[in-house]
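The values are calculated or read from the model by the stated rules, or taken from the named source; none is laboratory data. These numbers were taken from a predicted model, which means no experiment stands behind them. Note: ideal-geometry Cβ built from the backbone for every residue, glycine included; neighbour counts use all protein chains shown. Heads up: the accessible areas ignore ligands, DNA and RNA and are worked out on the full protein's heavy atoms, side chains in. Shrake-Rupley method; radii C 1.70, N 1.55, O 1.52, S 1.80 Å.
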Amino acid sequence: MTDEGGAPATLMRLWRRSERPARGRPSVLDIDSVVAAAVDLADREGVASVTLASVAKDLGVTKMSLYRHIGSKAELLELMADFAIGDPPPVEPTGAWRAELTTLAEANRDVLMKHPWLVELPLSGPPAGPHAVAWMDAFLRTLRDTGLDWGTKGGILVLIGGYVRLACAQAIQLAEGRKGSGLSQAQAEQAYGKGLAELIDPEHFPDAAGFLTSGLGDSGQNSDFDFGLGVVLDGIAALVEAG
């Protein structure tokens, strides 16, 4: 569906440029109130619990009344994702691109860990909403003075975004897996390493045995994230130097 001017209806609503015309009495709702209620529901109960019917129930309205503002559940999820990520932190370009990218990557991680359901949403395409575009602009701005071309900058954007999303998805799944155990991630890794090291034969699996007895779990979750991000940034540094 498209609105006047040819822009897709979902895109128009992402940018709050259009709402469905009200019929009858003026609506007490708007896009923001519907999306905020849906985000709150996803934070409390998980994104699987978010339906137009459940959001309407939380708002005390009928499901049909939401169609004045939301075209479908798929559209609602797109609106929720852009709403939940918010704006990036202000990072002024100083030429220290590595520090600036680190700040943005860590801020992106914090948002995904605050709203863990975000990593469950399918990627429907490139950034489209105002908040997503703000993040894209912020990341690209840090690379302004690197001399890299636009295609390379776009690849870096995808690389860092993909790394942060994957790291957060893994951390969330590991936390879910140890739920009820009372163990931190470091403690769970130490118990895993100790238990498995007693079972495997070092002659058949010498490197695995060495790894398992090397103090597994001492680094901590944040250090794991920082290590991976550092490797990604090292690769970007090589591109900058070569360029």
*asked:* Between a residue in the stretch 163-175 that is farther than 13 Å from Glu120 by Cα and any residue that is of a type in the set (S, T, N, Q) and modelled with pLDDT of 95 or more, which pairs come within a Cβ distance under 7 Å, given they are 6 or more apart or on different chains?
replied: Val164/Asn108
*Hey, could you check the stretch 86-126 for residues that are within 24 Å of Gln170 (Cα to Cα) and of a type in the set (S, T, N, Q) and say which is surrounded by the fewest Cβ atoms within 10 Å (Cβ to Cβ)?*
Ser124
*Please verify whether the stretch 173-188 includes one or more residues that are modelled with pLDDT of 95 or more, among the polar types (S, T, N, Q) and out of contact with any His (no Cβ under 6 Å at 6 or more places or on another chain).*
no
*On the given criteria, is Asp226 in contact with a Pro (Cβ under 9 Å, 6 or more places away or on another chain), under 20 Å from Glu100 (Cβ atoms) and modelled with pLDDT under 95?*
no
_Leu233 - would you say it is open to solvent by 70 Å² or more (accessible area, probe 1.4 Å), under 25 Å from the mean Cα position of the chain (by Cα) and at pLDDT 80 or above?_
no
*In the stretch 170-191, what residues are in contact with a helix residue (DSSP H, G or I) (Cβ under 6 Å, 6 or more places away or on another chain) and polar (S, T, N, Q)?*
Gln185
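Look at Val39 and say whether it is in contact with a helix residue (DSSP H, G or I) (Cβ under 6 Å, 6 or more places away or on another chain), open to solvent by 20 Å² or more (accessible area, probe 1.4 Å), assigned to a helix (DSSP H, G or I) and not aromatic (Phe, Trp, Tyr).
Numbers: in contact with a helix residue (DSSP H, G or I) (Cβ under 6 Å, 6 or more places away or on another chain): yes; open to solvent by 20 Å² or more (accessible area, probe 1.4 Å): no; assigned to a helix (DSSP H, G or I): yes; not aromatic (Phe, Trp, Tyr): yes.
When the stated conditions are applied, Val39 does not pass them.
Regarding Val133, is this residue open to solvent by less than 70 Å² (accessible area, probe 1.4 Å), under 25 Å from Ile172 (Cα atoms) and of a type outside the set (Gly, Ala, Ser)? Spell out the reasoning first.
Working: open to solvent by less than 70 Å² (accessible area, probe 1.4 Å): yes; under 25 Å from Ile172 (Cα atoms): no; of a type outside the set (Gly, Ala, Ser): yes.
Answer is no for this residue.
What are the residues in the stretch 155-183 that are of a type in the set (Gly, Ala, Ser) and either within 17 Å of Ser223 (Cα to Cα) or surrounded by 15 or more Cβ atoms within 10 Å (Cβ to Cβ) (or both), if any?
Let us first name the residues in the stretch 155-183 that are of a type in the set (Gly, Ala, Ser), namely 155, 161-162, 167, 169, 171, 175, 177, 180-182.
Passing the criteria: Gly161, Ala167, Ala169, Ala171, Ala175.
Would you check if Gly95 is farther than 30 Å from Ala42 by Cα and small (Gly, Ala, Ser)?
On the way: farther than 30 Å from Ala42 by Cα: yes; small (Gly, Ala, Ser): yes.
Against the criterion (farther than 30 Å from Ala42 by Cα and small (Gly, Ala, Ser)), Gly95 qualifies.
When you go through Arg23, Arg44 one by one, which is the residue that is among the charged types (D, E, K, R), more than 20 Å from Leu118 (Cα to Cα) and either more than 26 Å from the chain's Cα centre (by Cα) or at pLDDT 95 or above (or both)?
Answer to the selection: Arg23.
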*asked:* Conditions first: (1) under 24 Å from Leu104 (Cβ atoms); (2) free of Cβ contacts under 8 Å to residues at least 24 places away in the same chain; (3) open to solvent by less than 50 Å² (accessible area, probe 1.4 Å). Gly210 passes all but one, so which condition is the exception?
replied: (1)
*Which one is nearest to the chain's Cα centre (by Cα) among residues in the stretch 61-76 that are closer than 20 Å to Leu123 by Cα and open to solvent by 40 Å² or more (accessible area, probe 1.4 Å)?*
Ala74
